[in-house]
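Participant: What follows is a structure written as structure tokens; I'll ask about it next.
FYI, it's all coordinate maths here, none of it is from the lab. Since this is a predicted model, take the numbers as computed values, not measurements. A quick note on method: Cβ atoms are made from the backbone with ideal geometry, for glycine too, and the neighbour counts reach across all protein chains shown.
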Amino acid sequence: MGHTLSVRQLEAWYGSNQTLKGINMEIASNHVTAIIGPSGCGKSTFVRCINRMHETLPGSKVKGEIILDGESIYEQDPVVLRKMVGMVFQKPNPFPSMSIYENVVAGVRLNGMRNKKTLQDIAEKSLRMAALWDEVKDRLNYSGMSLSGGQQQRLCIARALAVEPSVLLMDEPASALDPIATMHIEGLVRQLKEDYTILIVTHNMQQAARIADSTAFFLNGELVEHGPTSEIFTNPNDKRTEDYITGRFG
Amino acid sequence: MNDIFRKYQNWLMLIVFIIATIIALIPLFGVLGYVLKNGLSALNIQFFINLPKAMGLPGGGMANAIVGTLIMVLIASLIGIPIGILAAIYLTEYDRHSWLSTVVRFATDVLTGIPSIIVGIVIYTAVVLKMGNFSALAGGLALAIIMIPLIIRSTEEMLKLVSHSIREAGYALGISKGKTILKIVLPTAAKGIITGAMLAVARVAGETAPLLFTALGNQYWARSLNEPIASLPVQIFQYATSPYKEWHQLAWAGSLVLILMVIILNLVARFAFRSRSI
Amino acid sequence: MSKQYKLTASLGDQILRLLTLSMAIGVLVLMVWMGWQMFDTARPSIQRFGLGFITSRVWDPVKEQFGALPFIYGTLVTSFLALLLAAPIGLGVAIFLNEMAESRFRAVVGFLVEMLAAIPSVVYGLWGIFVLAPWLKTTVEPGLAKWLGFIPLFQGTPVGFGMLAGGLILAVMILPTIAAISREVMAAVPNMQREAALALGATKWEMIRVAVLPYAKSGIMGGIMLGLGRALGETMAVTMVIGNRPDILASLFAPAYSMAAVIANEFTEATYDLYLSALVEIGLILFGITLVLNFFARLLVWSVGRGPKGGSIV
């Protein structure tokens with residue numbers, strides 16, 4: 001089951017540059033929430049705050065509070081937190097030194113799981129959920145780098161799912177892929193919301209409209225508007241949202 | 001007119017650079033040719049299985065020197081490679097841009113330029129004088145000090161080639177930074193790190209100066225690591241500067257073996273592990 | 001609510017970090033320790049002879065008289081001779097490989113030049129004793145004496161073993177260093193510079209002269225200084241061909257001695273403390289010189305690696 005997230009007065013800096021300026025947002029469980037906005041609006045920083053990846057960058061700083069399922073994420077060890085909050089990156093990044101199988105179970109295995117049977121079950125289950133099993137089941141020992149770009153990205157999704165997170169962050173997961181691979185990923189996202197709370201950053205508004213239950217519009221480090229996707233796209237409250245989605249700027 | 005002059009000038013300079021390259025390669029083929037010619041005629045099975053014999057007697061070999069070199073290179077690798085890799089991990093993974101890392105990096109570069117005989121002196125005063133005797137351990141330690149900066153620099157280069165997104169992928173899976181480094185980043189750079197280590201091994205295998213007064217040399221088998229031990233380069237030096245013809249021949253044979261070791265290490269390192277892209 | 005959050009790290013992580021940190025600091029400690037160790041051992045000699053150590057020409061262990069000038073002289077003459085020969089050739093090789101050769105040819109020749117650096121010093125020495133020195137004695141030195149004998153450098157009996165042999169062998173040994181560093185800094189010159197020159201109608205050589213060399217100049221200087229550093233400290237090959245006589249003579253044919261060579265030859269024979277101390281002081285001087293030289297050489301090479309300095313588009 002996915003968890004709810006509530007974000008309170010979240011501020012983030014990178015160097016002297018404030019990238020998030022007091023975000024308040026409630027994110028429903030088992031929903032797909034899309035984050036849209038022009039480049040540099042802070043949407044990537046926002047999702048990277050949720051699994052505390054932003055803090056790993058030198059010169060970064062965070063203030064505010066994020067509550068995951070009733071508990072502050074800042075009270076937790078970030079390493080433990082990241083097992084609950086999975087992430088898929090813009091560019092597929094399978095581990096080059098590992099096979100397909102090793103990639104999928106990397107998170108579980110490096111955290112101490114040794115039982116071979118269990119690992120195999122996890123690998124199959126995760127690859128099935130990522131809709132990649134049928135394509136790779138005969139070559140699990142091949143290098144992860146031998147797959148096509150779209151397959152690599154689904155491998156990365158499987159790898160994130162194998163850790164059994166409750167929240168899945170996706171930072172423009174299809175922006176480096178061709179249309180067919182993009183379609184695969186979008187179909188996958190719709191299925192995965194049965195079990196996960198999904199946040200997806202995208203600069204592609206059609207994509208947000210296709211897959212998201214609710215959509216949040218970020219501008220200059222502020223959350224301008226957040227509501228059901230259909231409302232944001234047909235009847236936005238804020239003039240700036242309307243300008244953005246009708247293509248008048250950004 | 002002017003254009004024609006420029007064209008000829010261009011050709012002339014091209015020819016000058018080609019000649020420079022040819023001149024540079026003459027000594028390589030000169031040395032390799034003589035070592036091959038003189039070394040092959042002196043090389044036989046006895047060379048590999050016998051101990052050195054007294055001057056004038058035929059059938060002497062360098063078995064102990066070959067083994068001695070292998071032992072000391074092994075000691076040096078066991079000390080130098082882990083230290084070098086760990087230091088390189090600090091420089092790339094923990095503190096890439098701090099002043100400390102810059103200073104350490106700079107010191108590493110400077111250390112690679114320190115004459116190897118200096119290392120011999122230091123180990124002599126610090127280890128040989130304290131322990132009271134020359135030893136394989138002292139020799140291996142001297143070689144390790146020469147290896148460390150080489151390993152640091154090559155490992156650092158290779159770790160820098162590993163994309164940052166690979167590290168982020170590790171963190172995002174809830175894998176700790178330490179495990180990400182050891183189980184994901186290092187294996188990704190492994191080929192390059194091994195290449196660098198092999199080149200460093202090739203480099204110290206031929207070192208003579210740091211062994212002269214640390215390992216000293218030995219006409220017999222060393223019975224422990226705490227005894228003087230023979231090595232190929234030192235043996236070659238002693239035989240080459242001796243007045244006996246038989247020993248000169250052995251020096252050529254020893255040089256051939258040493259050069260083959262070094263060149264094979266270089267070739268394997270460069271071609272078997274060539275792929276540097278990550 | 002406005003506190004700044006810190007990352008925590010597990011025990012294993014902290015151990016790894018401390019371990020790698022201590023190794024990195026260990027490199028600094030190693031360098032300082034090496035200097036101190038030698039200074040400590042050299043102290044009796046430093047106190048006894050003071051500055052006279054580097055100005056005295058007398059090296060007589062029997063009478064406990066130690067002056068390092070002959071060794072300093074031999075080291076400097078052979079090293080500068082080597083530099084004179086190796087710098088232009090090394091630079092020529094670098095230009096040829098980087099700017100002119102086709103890529104397959106470049107890989108092969110580049111590898112061969114690197115092999116020049118891989119041949120152990122003692123093997124060069126062996127070749128020097130049995131091939132180079134006899135050739136110098138019978139062919140080169142008589143020829144030089146005949147045609148250039150009016151210069152004191154080329155006077156005297158041809159011996160073979162002497163400063164000329166030492167300088168030549170050093171030239172071979174430092175050439176790969178100079179070539180490799182020059183290639184590295186020339187490769188760091190942005191292609192834009194080259195294209196700008198070519199677009200203005202420059203020939204290849206003109207492009208190299210106006211766009212590549214000025215840009216890479218300080219790095220090439222650094223490479224030459226690194227070569228010099230290597231020549232100053234090179235031990236075995238020089239020991240085997242320089243003749244090992246602590247004299248200061250003008251002729252390049254004459255046997256001489258170098259700092260590294262006297263350490264290599266006499267260290268294990270140093271029967272009393274002052275003798276050993278004097279040898280270590282020579283080592284300390286060598287350490288100091290190469291340290292300073294490498295320091296400035298690396299500064300020059302680093303400055304090129306970090307971005308444009310001097311040199312501009314035509």
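Participant: When only Cα pairs under 8 Å and 6 or more residues apart are kept, what is the percent relative contact order across the range A:139-244?
Facilitator: Details: 94 pairs, mean separation 19.5, N = 106.
Computed over the range A:139-244, the figure is 18 percent.
Participant: Then there is this: I'd like the distance between the alpha-carbon centres of the range A:24-44 and the range B:78-151, rounded to an integer number of Å.
Facilitator: 51
Participant: Suppose every K and R has +1 on its Cβ and every D and E has -1 on its Cβ; what is the size of the dipole of the range C:34-173 about the Cα centre, in Debye to the nearest 20?
Facilitator: Working: 8 positive and 7 negative charges, 49 e Å.
My answer is approximately 240 debye.
Participant: Kyte-Doolittle cut-off 1.0, length cut-off 27 Å along the helix's own axis using Cα: show which whole DSSP H helices in chain B pass.
Facilitator: Details: long enough: B:2-42 (60 Å, 1.19); B:63-89 (38 Å, 2.32); B:136-161 (37 Å, 1.42); B:245-267 (33 Å, 1.29).
The qualifying helices are B:2-42, B:63-89, B:136-161, B:245-267.
Participant: Normalising by the residue count of chain B, find the relative contact order in percent from Cα pairs under 8 Å and 6+ residues apart. Walk me through the numbers before you get to the answer.
Facilitator: On the way: 375 pairs, mean separation 74.0, N = 278.
Rounded, it is 27 percent for chain B.
Participant: Out of the trypsin sites (Lys or Arg not before Pro) in the range C:207-314, which ones are loop residues according to DSSP with at most 15 other C-beta atoms within 10 Å? Could you put the intermediate results ahead of the total?
Facilitator: On the way: sites: C:R209, C:K217, C:R230, C:R298, C:R306, C:K309; in loops: C:R306, C:K309.
Filter output for the range C:207-314: C:R306, C:K309.
Participant: Here's another thing I want to ask about it. All other residues with a Cβ under 12 Å from the Cβ of B:T112 taken together, and with Lys, Arg as +1 and Asp, Glu as -1, what is their net charge?
Facilitator: Values: positive: B:R105, B:R153, B:R203, C:R230, C:R298; negative: B:D109.
Counting the neighbours of B:T112, the net charge comes to +4.
Participant: Something else about it: What angle, in degrees between 0 and 90 and rounded to the nearest 10, separates the Cα long axis of helix A:116-129 from the longest principal axis of the Cα atoms of chain A?
Facilitator: The angle comes out near 50 degrees.
Participant: Please report, in cubic angstrom per residue, the volume enclosed by the convex hull of the alpha-carbon atoms of the protein assembly as shown. Intermediate results must be reported in sequence, preceding the final value.
Facilitator: Values: hull volume 179.0 nm³, N = 842.
Hull volume normalised by residue count: 213 Å³.
Participant: Can you count the Lys pairs in the range B:49-272 whose Cα atoms are under 30 Å apart, with each pair 8 or more apart or on different chains?
Facilitator: So the count of such lysine pairs works out to 8.
Participant: Now a separate question. Could you tell me the ratio Rg/Rh of chain C? Both radii from Cα atoms, Rh via Kirkwood.
Facilitator: Details: Rg = 24.1 Å, Rh = 22.3 Å.
So for chain C, dividing Rg by the Kirkwood Rh gives 1.08.
Participant: So, in nm, how far is label B:Q219 from label B:N2 when the simple model puts each one 7 Å beyond its Cα toward the Cβ?
Facilitator: 7.7
Participant: For peptide B:183-194, compute the average count of partner chain beta-carbon atoms within 10 Å of each residue's beta-carbon. Working shown, then result.
Facilitator: Working: counts 6, 6, 2, 1, 5, 4, 2, 1, 1, 0, 0, 0.
So the per-residue partner count for this stretch is 2.
Participant: With only alpha-carbon atoms in the gyration tensor, what are the semi-axes of the equivalent ellipsoid for the range B:2-42, in Å, largest first?
Facilitator: 40, 5, 4
Participant: Hey, which aspartates and glutamates would be in cross-link range of A:K137, C-alpha to C-alpha under 12 Å, not counting anything within fewer than 8 residues on its own chain?
Facilitator: A:E124
Participant: Lysines near A:K61 by alpha-carbon distance under 17 Å, same-chain residues fewer than 8 away left out - which ones?
Facilitator: Within the straight-line cut-off, A:K61 pairs with A:K21, A:K43, C:K3, C:K6.
Participant: Here's something else I'd like to know. What pairs from A:K83/A:K116; A:K91/C:K204; A:K63/A:K193 go past 32 Å between their alpha carbons? Write down the numbers at each step before the final one.
Facilitator: Working: A:K83/A:K116 20 Å; A:K91/C:K204 41 Å; A:K63/A:K193 29 Å.
Over 32 Å Cα-Cα: A:K91/C:K204.
Participant: Another question, if that's okay. Which order do A:M183, B:M13 fall in if you start with the one that has the fewest other Cβ atoms within 10 Å?
Facilitator: Numbers: A:M183 14, B:M13 20.
Taking fewest neighbouring Cβ atoms as first place, the list is A:M183, B:M13.
Participant: Right, here's the next one. Using the Cβ atoms and a cut-off under 12 Å, what net charge is assigned to the surroundings of C:G160, where Lys and Arg are +1 and Asp and Glu are -1?
Facilitator: Details: positive: C:K137; negative: C:E141.
Once all neighbours under 12 Å are counted, the net charge is 0.
Participant: Cα centroids of the range C:198-254 and the range C:113-161: how far apart, whole angstrom?
Facilitator: Cα centroid to Cα centroid, the span is 18 Å.
Participant: Over chain B, how many percent of alpha carbon pairs lie in each 10 Å bin up to the one with the longest distance?
Facilitator: Once binned at 10 Å, the Cα pair distances of chain B give 6, 22, 26, 22, 14, 7, 2, 0.
Participant: Would you work out the charge dipole size for chain C about its Cα centre, treating the Cβ of every Lys and Arg as +1 and the Cβ of every Asp and Glu as -1, and quote it to the nearest 20 debye? Could you put the intermediate results ahead of the total?
Facilitator: Values: 21 positive and 17 negative charges, 187 e Å.
That gives a dipole near 900 debye.
Participant: Over every pair of different alpha-carbon atoms in chain A, take the mean of 1/r and invert it; report that Kirkwood radius in Å.
Facilitator: Values: mean 1/r = 0.0540 Å⁻¹.
Over chain A, the inverse of the mean reciprocal pair distance is 18.5 Å.
Participant: Using a 10 Å cut-off on Cβ to Cβ distances, tally the other chain neighbours for every residue of B:209-215 and report the average as a whole number.
Facilitator: Numbers: counts 11, 1, 0, 8, 6, 0, 0.
Taking the mean over all residues of the peptide, I get 4.
Participant: In deg cm²/dmol, rounded to 500, what helix-only [θ] at 222 nm does chain B give when every DSSP H run of at least 4 residues adds -39500 (n - 2.57) and the total is split over its residues?
Facilitator: Using -39500 (n - 2.57) per qualifying helix, the result is -22000 deg cm²/dmol.
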